[in-house]
Number of protein chains: 2
Amino acid sequence: MKVFVVGANGQVARHFADFVKNEDDIDEVAMIRNTDQKPFFDERGIESVHLDLVKDSIEDLAHAMKDSDAVLFSAGAGGSGDDQTVLIDLDGAIKAMTAAEQAGISRFVMVSTFRTGREEMSKENDLQIYTIAKNYADEWLKNRTNLDWTIVHPGILVNTDSTNQIKIGNDFEINEIPRQDVARVLIEVLKNENTIKKEFEVLAGEDSVEDALSKL
Amino acid sequence: MKVFVVGANGQVARHFADFVKNEDDIDEVAMIRNTDQKPFFDERGIESVHLDLVKDSIEDLAHAMKDSDAVLFSAGAGGSGDDQTVLIDLDGAIKAMTAAEQAGISRFVMVSTFRTGREEMSKENDLQIYTIAKNYADEWLKNRTNLDWTIVHPGILVNTDSTNQIKIGNDFEINEIPRQDVARVLIEVLKNENTIKKEFEVLAGEDSVEDALSKL
């Protein structure tokens, strides 16, 4: 399986690239915005394509995706402004979904935020605009596409090393999860068709990634 | 018919309130955010309700709408920041749609922007975030609700007096339209069921509002 990663240079996605190296059945195409991000992927034997999610067209994205079997959306504005949140987390995500459909790709894995939905969207906090953008992107994926989606809702991302001890489910109290473990989950999601049309939260827990996903 | 106006204190909606006075078959409930906006509606014999589209809940909105037969969405952040654009033009609009459905109201008239769609959303200009927000609100109305919608796409809004000379259609070159004439169009849209499930641009032209809409 060849997976096209949108936002390949993000922190979670870079861990994903590290794990991909050890996966015989998964190859990555890394979509990068800046050519100075290329050496990281070159060093890992990962193909990269130079595209801008905001400035490039859906047709350009679809063309770059054409030999891939799945899309992993791991891009995010990451606090660079509400305009960027709208352009990347909402519209960029929907552009990527449309491009995947144009390219004939059915599998689409979305890295979402921990909790979307009305209650969270109504909280007046620094994440409100981000939460709204992510919510409507997820809604679009579930209801306005024919993609075989999975939506992963990680907890608070931390840079501690992978423990490969997680839990997945819904309506958990928020807690931490190492970015490395989220990357492991994304690998397993791509390998497991039982994750299609499902969404779940991921937090540090007591099961291995493999075991946790097999319980879905 | 009683029409619940979200964003009743906006410039177009205030003209709408002036025209409503002369309509035997249309009553207005004006949703206002500040009580100092109340006298304008009191003077015109129009009922007002004090609610905040962003801070109040869908349940509160639905409760206020419960005796109305239609919702007119004419709210807008109006350049008060990208966060407000997301909160009002996107999420606020969708909250109003959901509230209308909860209140058992089927008719929903949306004042949109002149042009949405991919080409316009990709233009890097001052209106880009607004255009994206309006686009996804319109998309939600058309595809994620069971409402009897009409979407009105006015041209460049100007404060010159109504001429009652307009044109409606699609793919026009952008041009001006007096706010008063947009308000006239909204009145006629509410009176004409042939406008249900239609969207169209409104510009200054050569037909009376009544004639232009009868050609739909």
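Does residue A:168 qualify as being within 17 Å of the chain's Cα centre (by Cα), assigned to a strand (DSSP E or B) and either farther than 19 Å from residue A:13 by Cα or acidic (Asp, Glu) (or both)? Yes. I'd like the full set of residues that are part of a helix (DSSP H, G or I) and touching a strand residue (DSSP E or B) at 6+ places or on another chain (Cβ under 7 Å), limited to region B:61-93. If the condition is that a residue be part of a helix (DSSP H, G or I) and touching a strand residue (DSSP E or B) at 6+ places or on another chain (Cβ under 7 Å), then B:64, B:65, B:93 are the ones that fit. Inspect all residues belonging to region A:184-202 and state whether any of them is over 27 Å from residue A:9 (Cα atoms) and at pLDDT below 95. No, the conditions are met nowhere in region A:184-202. Take the conditions hydroxyl-bearing (Ser, Thr, Tyr), over 22 Å from residue A:85 (Cβ atoms) and within 13 Å of chain A (Cβ to nearest Cβ) and apply them to residue B:57. Does it pass? In short, yes. I'd like the full set of residues that are among the β-branched types (Val, Ile, Thr) and more than 13 Å from chain A (Cβ to nearest Cβ), limited to region B:62-103. Result: B:71, single match. Selection of region B:18-36 for residues being in a strand (DSSP E or B) and either hydrophobic (A, V, I, L, M, F, W, C) or surrounded by fewer than 16 Cβ atoms within 10 Å (Cβ to Cβ) (or both) yields B:29, B:30, B:31, B:32. Applying the condition of being closer than 14 Å to residue B:73 by Cβ and more than 14 Å from chain A (Cβ to nearest Cβ) to region B:125-173 and asking which residue is surrounded by the fewest Cβ atoms within 10 Å (Cβ to Cβ) yields B:148. When region A:161-216 is filtered for residues that are in contact with a Pro (Cβ under 6 Å, 6 or more places away or on another chain) and farther than 26 Å from residue A:139 by Cβ, only A:162 remains. Across region A:61-97, the qualifying residues are those that are without any contact (Cβ under 8 Å) to a residue 40 or more places away in the chain and charged (D, E, K, R), and the one among them that is farthest from residue A:150 (Cα to Cα) is A:83. Of the listed requirements (1) more than 10 Å from chain A (Cβ to nearest Cβ); (2) over 16 Å from the mean Cα position of the chain (by Cα); (3) touching a residue at least 24 places away in the same chain (Cβ under 8 Å); (4) assigned to a helix (DSSP H, G or I), residue B:39 misses just one: (3). For region B:94-133, the set of residues classified as touching a strand residue (DSSP E or B) at 6+ places or on another chain (Cβ under 9 Å), within 17 Å of residue A:83 (Cβ to Cβ) and of a type outside the set (Ser, Thr, Tyr) is empty.
For the structure I just gave you, tell me whether residue B:113 is away from chain A (no Cβ under 14 Å) and in a loop (DSSP other than H, G, I, E, B). In short, yes.
Restricted to region B:174-184, and to residues there that are of a type in the set (Val, Ile, Thr) and crowded, with 16+ Cβ neighbours inside 10 Å, the residue that is nearest to residue B:94 (Cα to Cα) is B:182. So for region B:98-109 (the condition being surrounded by fewer than 22 Cβ atoms within 10 Å (Cβ to Cβ), outside any loop (DSSP other than H, G, I, E, B), β-branched (Val, Ile, Thr) and in contact (Cβ under 8 Å) with a residue 24 or more places away in the chain), does at least one residue qualify? For region B:98-109, residues surrounded by fewer than 22 Cβ atoms within 10 Å (Cβ to Cβ), outside any loop (DSSP other than H, G, I, E, B), β-branched (Val, Ile, Thr) and in contact (Cβ under 8 Å) with a residue 24 or more places away in the chain: present. Just the residues that are of a type in the set (Ser, Thr, Tyr), at pLDDT 95 or above and surrounded by fewer than 19 Cβ atoms within 10 Å (Cβ to Cβ), please, taken from region A:48-88. Matches in region A:48-88: A:57 only. In this structure, residue B:49 does not satisfy being under 23 Å from residue B:185 (Cβ atoms) and β-branched (Val, Ile, Thr). The lone criterion from (1) buried (at least 22 other Cβ atoms within 10 Å of the Cβ); (2) part of a loop (DSSP other than H, G, I, E, B) left unmet by residue B:45 is number (1). Looking at B:3, B:54, just one residue is among the β-branched types (Val, Ile, Thr) and under 24 Å from residue A:117 (Cα atoms), and that residue is B:54.
Based on what the data block shows, is residue A:182 within 23 Å of residue A:85 (Cα to Cα), touching a helix residue (DSSP H, G or I) at 6+ places or on another chain (Cβ under 9 Å), part of a strand (DSSP E or B) and more than 14 Å from chain B (Cβ to nearest Cβ)? Taking the combined requirement at face value, the residue does not satisfy it. Can you tell me which residues in region A:48-60 are among the charged types (D, E, K, R) and assigned to a loop (DSSP other than H, G, I, E, B)? Hits for region A:48-60 are A:52, A:55, A:56.
The values are calculated or read from the model by the stated rules, or taken from the named source; none is laboratory data. Predicted, not measured: the structure shown is a model, and the values here were computed from it. Every residue, glycine among them, receives a Cβ derived from its backbone with ideal geometry; neighbour counts consider all protein chains shown.
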